[in-house]
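Shown next, in structure tokens, is the structure this report addresses.
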Amino acid sequence: MQRFLKAVCLAAMLGTVPACSQILAGGLQAGQALLPITDEQEIQIGRSAAQEVLADPKTPPYGNAEVNAYVDAVGKKVAARSDRSDLPYTFHVIQSDELNAFALPGGEIFITTAALKAMKNEAELAGVLAHEVVHVARKHGVDSLRAAMVAQGITTAALGSTPAMVQQAGKIAASLVLKGYSRGLESDADHYGAIYSNAAGYDPRGLGSFLTTLAQTVGDTPKAFEAFGDHPVISERVAALDAEITKLGLNARSQEAESFLSRTAPLR
């Protein structure tokens, strides 16, 4: 999701990655033509990037196995309804005071303990995770990664040649978390995320409900959003999402508040 409050700080991973304004210099279409990335390569890169995130002292893994298993189960439930349900999705809980969630290529998806604490029910969790699943399933992340790699001169042959090249690609993927997505891609993730959540039986307004809580917590126009992408104020985004849900006739109702609060009790 477009950095609920601000992106997790991954500056240590930036290395030689060029500035964001340079990363997409070749454009996504050029990247697709010059650097095909197979699903298996995407998965390997995502796993390498996930190791980078989990090794960073700012984003350590949360230690409670039961909470992690619960979040992973909810995530897998919505991922099973996605356009790329065959990917090996893994959902990680990381310890951070930032209200945040983000996705890496190949199905590695993260949510912070702070975000979980701020949620009221399982439908909100499903909505947030479904939004992130869309970034993977609709290849938003891998397309950005491909363009960044082309800008650095990485070829298909080089990518498949050594584990070191996969690791380098993983570092690039991790650094792209800082960039976020355009308004168009975020709207795409809101749209399909609602569809995935609804198909899994959850109230598709879960994401909007959480965003409303966020707006009440940090204000409707948090400056942190401005630095990482082109996004409307939260109230406009929620209104657009509600209208889309009504238009699509999405009407699942499961929220599972009691179960959610019980399963995430160790966080509180």
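General remarks:
- A cut-off under 12 angstrom between Cβ atoms defines the neighbours of LYS171, and their net charge, with Lys, Arg +1 and Asp, Glu -1, is -2.
- Sequence of LEU248, LEU145 once ranked by neighbouring C-beta atoms within 10 Å, starting from the fewest: LEU248, LEU145
- Of LYS77/LYS139; LYS77/LYS117; LYS76/LYS179; LYS117/LYS247, pairs whose Cα-Cα distance is over 29 Å: LYS117/LYS247
We did not get these values from a lab; they are worked out from the coordinates using the rules stated. No experiment lies behind these values; they were computed from the predicted model shown. Counting neighbours? That spans all protein chains shown, and the Cβs are built from the backbone with ideal geometry, glycine included.
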